[in-house]
Amino acid sequence: MSVFDDPGLFGRLWAAGYDSPGNPDPAPAVDFLADLADGGPVLELAIGTGRVALPLAERGLALHGIEASEEMVAQLRAKPGGDQIPVVVGDMADVQVTGPFRLAYLVFNTLFNLVDAERQADCFRNVARVLSPGGAFVIETFVPDPRSFDADEQVQVREVTEDSATIRLHRYDRPAQRFIRQTITFDGDGVHLKPFAMRYAWPHQIDEMARQAGLRLTERYADWHRRPFTADSPSHISVYRAE
Ligand SMILES: C[S@@+](CC[C@H](N)C(=O)[O-])C[C@H]1O[C@@H](n2cnc3c(N)ncnc32)[C@H](O)[C@@H]1O
């Protein structure tokens, strides 16, 4: 198994430290998603440790999750209310869940954790299959900016202490729209690698995957506060609807 074909790898490497103060505040996403949920039920793909799902469930919505990593699910289960959310452990590109759902969502750039275009397209088809008529699929991703790729490929210093140093390196495969990233820690025990990969896509490519799955773009914003999406927006929130 490699970083390109092991969906459980992220959780094995990151679950223990995932809930850090550096993660985005879920409140604006929760407000946005609660508005669209239409009473539910709601499906979160790649639910992780419940950063968004738990506060959304607190609004009285029935939440369901898909998650590739047992380690991430264990973190979710350890939180208040975390044992009330049914989670299917598997790959969001094809794992079977029973709908229909009024709302499905995949946030925090996680569509790009599926590291090839075919798996991303599979994921759209998998969601389209379980949305109720008129149901919404919400995606949040960054907009790739090729002007930053060269800078990303330079060594980035993450942390330096008396006992350790952590750096980060990227290598882009521009034709494949993919990068691999290493977060490398040097300490008294040796060298520790945390590999990670993404297949990034531009909004029009995501729209095409949705269209081929029978989903239509109905809204696009620059952020969860519904600020207008422009050519300079670094990320987008896109709402697709089942016909
Ligand atoms: C950045 S975290 C996001 C977690 C959560 N959605 C949030 O917003 O905090 C990415 C999550 O995607 C999960 N993941 C990665 N690839 C996956 C796949 N193919 N199927 C299901 N989950 C996957 C990881 O295990 C991890 O929990």
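Numbers at a glance
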| item | result |
| --- | --- |
| Single condition Thr166 does not satisfy, out of (1) surrounded by 17 or more Cβ atoms within 10 Å (Cβ to Cβ); (2) β-branched (Val, Ile, Thr); (3) touching a residue at least 24 places away in the same chain (Cβ under 8 Å) | (3) |
| Scan of the range 7-42 for residues that are more than 9 Å from the ligand (Cβ to nearest atom) and part of a loop (DSSP other than H, G, I, E, B), ordered by number | Ser20, Pro21, Gly22, Asp25, Ala37, Asp38, Gly39, Gly40, Pro41 |
| Residue in the range 88-105 that is surrounded by the fewest Cβ atoms within 10 Å (Cβ to Cβ), counting only those that are among the small types (Gly, Ala, Ser) and under 16 Å from the mean Cα position of the chain (by Cα) | Gly90 |
| From Phe4, Phe108, residue being loosely packed, with under 15 Cβ neighbours inside 10 Å, in a loop (DSSP other than H, G, I, E, B) and either aromatic (Phe, Trp, Tyr) or near the ligand (Cβ under 8 Å from one of its atoms) (or both) | Phe4 |
| Filter result for Gly50 (assigned to a strand (DSSP E or B), within 10 Å of the ligand (Cβ to nearest atom) and not aromatic (Phe, Trp, Tyr)) | no |
| Residue within the range 73-87 that is within 11 Å of the ligand (Cβ to nearest atom) and touching a Lys or Arg at 6+ places or on another chain (Cβ under 6 Å) present | no |
| Matching entry among Gln182, Gln212, Gln154, Gln177 (being more than 20 Å from the chain's Cα centre (by Cα) and closer than 22 Å to Ala46 by Cβ) | Gln212 |
| Output for the range 169-180, where each listed residue is of a type in the set (A, V, I, L, M, F, W, C) and either farther than 14 Å from Val115 by Cβ or surrounded by 13 or more Cβ atoms within 10 Å (Cβ to Cβ) (or both) | Leu169, Phe179, Ile180 |
| Residue satisfying condition, being more than 21 Å from Leu111 (Cα to Cα) and either in contact (Cβ under 8 Å) with a residue 40 or more places away in the chain or not hydroxyl-bearing (Ser, Thr, Tyr) (or both), within set Pro7, Pro26, Pro80 | Pro80 |
| Val138 out of contact with any Ser or Thr (no Cβ under 9 Å at 6 or more places or on another chain) and within 23 Å of Asp38 (Cα to Cα) | no |
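Values in this text are rule-based calculations from the coordinates and carry no lab data. Note that the structure is a prediction, hence the values are computed from the model and not measured. Quick reminder, even Gly has a Cβ in these numbers, built from the backbone with ideal geometry, and neighbours come from all protein chains shown.
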